[in-house]
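Q: Take a look at the following structure, please.
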Amino acid sequence: MSGFYELNATRINGESVSMNDFEGKVVLVVNTASECGFTPQYQGLQDLFAKYEEQGLVILGFPCNQFGGQEPGENADIAQACQINYGVSFPMFAKVDVNGPDSHEVFTFLKKALPGLMGQKIKWNFTKFLIGRDGKPIRRYAPTKTPQAIEKDIERALRR
């Protein structure tokens, strides 16, 4: 299995990004959706990002339409909705699959490193993965776990 820093993804604006760009940072990867009951978590994620960005936190949002068709828009629409509704300034990526044969490599890696209740599957939108400054996955969080509820874990990871 390759390491987190060896993976790549495409930003929501079409720019290719290496996860190596985030080396030395604490990373929170989240699969997101704009029309989900958990969508208000965008605000909590943005609040965490604003509070801890200067200490080394980065949040990576990956829109996904695999759960109830709750992310039907195109990338430009998603970016605009995130900015207008929640002031999202953390990096957002192009819409991806997180399960199945077309699962994005970031999620394939994270699901293998941190299986959940459903094994190497993601159950729903807003599943979160915390990655340490060394690129090693630390913990996986269910969609029901709010950003505020994981703040202490983020603080601990930032101190390492």
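The values are calculated or read from the model by the stated rules, or taken from the named source; none is laboratory data. This structure is a prediction, so every number in the text was calculated from the model and none was measured. Quick reminder, even Gly has a Cβ in these numbers, built from the backbone with ideal geometry, and neighbours come from all protein chains shown.
Q: Keeping to region 35-52, report how many residues are assigned to a helix (DSSP H, G or I) and of a type in the set (D, E, K, R). Steps first, answer last, please.
A: Restricting attention to region 35-52, the residues satisfying the condition of being assigned to a helix (DSSP H, G or I) are 41-52.
This time we only want the ones that are of a type in the set (D, E, K, R), so: 47, 51.
So the answer is 2.
Table: residues versus (1) closer than 27 Å to residue 80 by Cα; (2) surrounded by fewer than 16 Cβ atoms within 10 Å (Cβ to Cβ).
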position	(1), (2)
111	no, no
120	no, yes
128	yes, no
137	no, no
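Q: Which of the residues spanning region 110-124 are within 14 Å of residue 31 (Cα to Cα) and out of contact with any Cys (no Cβ under 9 Å at 6 or more places or on another chain)? Steps first, please.
A: As a first pass, look at region 110-124 and keep what is within 14 Å of residue 31 (Cα to Cα): 110-111, 121-124.
Those that are within 14 Å of residue 31 (Cα to Cα) and out of contact with any Cys (no Cβ under 9 Å at 6 or more places or on another chain): 110, 111, 121, 123.
Q: Conditions first: (1) farther than 24 Å from residue 131 by Cβ; (2) at pLDDT below 90. Residue 82 passes all but one, so which condition is the exception?
A: With respect to (1) farther than 24 Å from residue 131 by Cβ; (2) at pLDDT below 90, residue 82 is out only on (1).
Q: Right, something else. Can you tell me which residue among 47, 77, 21 is surrounded by fewer than 19 Cβ atoms within 10 Å (Cβ to Cβ), under 18 Å from residue 153 (Cβ atoms) and acidic (Asp, Glu)? It would help to see each step written out before you state the result.
A: Numbers: 77 fails: under 18 Å from residue 153 (Cβ atoms); 21 fails: under 18 Å from residue 153 (Cβ atoms).
Answer to the check: 47.
Q: Filter region 20-53 down to residues that are basic (Lys, Arg) and either closer than 16 Å to residue 89 by Cα or modelled with pLDDT under 95 (or both), then give me how many there are. Spell out the reasoning first.
A: Filtering region 20-53 for residues basic (Lys, Arg) gives 25, 51.
With either closer than 16 Å to residue 89 by Cα or modelled with pLDDT under 95 (or both) added as a condition, the list becomes 51.
Residues flagged as basic (Lys, Arg) and either closer than 16 Å to residue 89 by Cα or modelled with pLDDT under 95 (or both) within region 20-53 amount to 1.
Q: Sticking with this one: May I ask you to list pairs of residues, at least six apart or on different chains, whose Cβ atoms are under 6 Å apart, with the first in region 77-90 being farther than 13 Å from residue 40 by Cα and the second being assigned to a helix (DSSP H, G or I)?
A: Short answer, once both residue conditions are applied: 90/49.
Q: Continuing with the same structure: Quick one: would you say residue 17 is touching a Lys or Arg at 6+ places or on another chain (Cβ under 8 Å), within 16 Å of residue 88 (Cβ to Cβ) and of a type in the set (A, V, I, L, M, F, W, C)? If you could, list the steps in order and put the result at the bottom.
A: Numbers: touching a Lys or Arg at 6+ places or on another chain (Cβ under 8 Å): yes; within 16 Å of residue 88 (Cβ to Cβ): no; of a type in the set (A, V, I, L, M, F, W, C): yes.
So residue 17 fails the test.
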